[in-house]
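Working notes, beginning with the structure itself.
The values are calculated or read from the model by the stated rules, or taken from the named source; none is laboratory data. None of the values given here were measured: they were computed from a predicted structure. Every residue, glycine as well, gets a Cβ built from its backbone with ideal geometry; the counts of neighbours run over all protein chains shown. Ligands, DNA and RNA are excluded from the accessible area calculation, which covers all protein heavy atoms including side chains. Shrake-Rupley method; radii C 1.70, N 1.55, O 1.52, S 1.80 Å.
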Amino acid sequence: MQSQLSNELNDILAYAKEEAMRLGNYTVSTDHLVLGMLRHRENAVVETLVQLGVNTAQLKAYLEDAIRAKDPVPMEEEGSLAYSKACGNALKVMYLEARSMHSVKPDASHLFLAILRAQDGNSVKYLEQQEITYSKVKVSPCIAKITLKSSFTRALLNFESHLILSMPCI
């Protein structure tokens, strides 16, 4: 799956796995994905959360406290990690979110929207207490900007392909 993803999403998935190990969890959950996004920092999700007034340091601390196990997962047991069912579903729904927003490739915002849509996990509970919902995030300026860029890119690609197809062959 990772070969079809952007560098940003590959980094976030790697960070999520590292966060799961650091916190002693053998199952990577949607909360680990959110921690991966927070750790990555340079993505539309973090920008959106900050614009909506979320204290990302508090969110991180809340999630760590909620999912921390006693001991970290040893490095030699890294291969024992698996995605939770909710995490796997979020990764699948991410593609649907990308398609609904006319994006060519999914990014962190699509994954975050998929997590919020599922309404599962500690991160969603925390954000709902802050009145941060799927609907509010989807129309936030940072996410809307991605939709506009994707629509423009798709229109440009369609225009270019039309020009190429309409050119006479020599």
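Descriptive notes on the structure:
- Flag if residue 29 is modelled with pLDDT under 95, open to solvent by 10 Å² or more (accessible area, probe 1.4 Å) and either closer than 21 Å to residue 132 by Cβ or more than 12 Å from the chain's Cα centre (by Cα) (or both): no
- The residues on offer are 66, 61, and the sole one that is free of Cβ contacts under 8 Å to residues at least 40 places away in the same chain and either open to solvent by 20 Å² or more (accessible area, probe 1.4 Å) or out of contact with any helix residue (DSSP H, G or I) (no Cβ under 8 Å at 6 or more places or on another chain) (or both) is 61.
- Count of residues meeting criterion [touching a helix residue (DSSP H, G or I) at 6+ places or on another chain (Cβ under 9 Å) and open to solvent by 50 Å² or more (accessible area, probe 1.4 Å)] in the stretch 83-95: 4
- Residues of the stretch 41-51 satisfying the condition of being surrounded by fewer than 16 Cβ atoms within 10 Å (Cβ to Cβ) and more than 18 Å from residue 15 (Cα to Cα): 50, 51
Per-residue answers, yes or no, for (1) touching a strand residue (DSSP E or B) at 6+ places or on another chain (Cβ under 7 Å); (2) acidic (Asp, Glu); (3) modelled with pLDDT under 95:
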| residue | (1), (2), (3) |
| --- | --- |
| 114 | no, no, no |
| 118 | no, no, yes |
| 128 | no, yes, no |
| 140 | no, no, yes |
| 146 | no, no, yes |
| 149 | no, no, yes |
| 152 | no, no, yes |
| 158 | no, no, yes |
| 165 | no, no, yes |
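- Residues in the stretch 98-124 that are among the β-branched types (Val, Ile, Thr) and surrounded by fewer than 23 Cβ atoms within 10 Å (Cβ to Cβ) were compared, and the one that is nearest to residue 33 (Cα to Cα) is 124.
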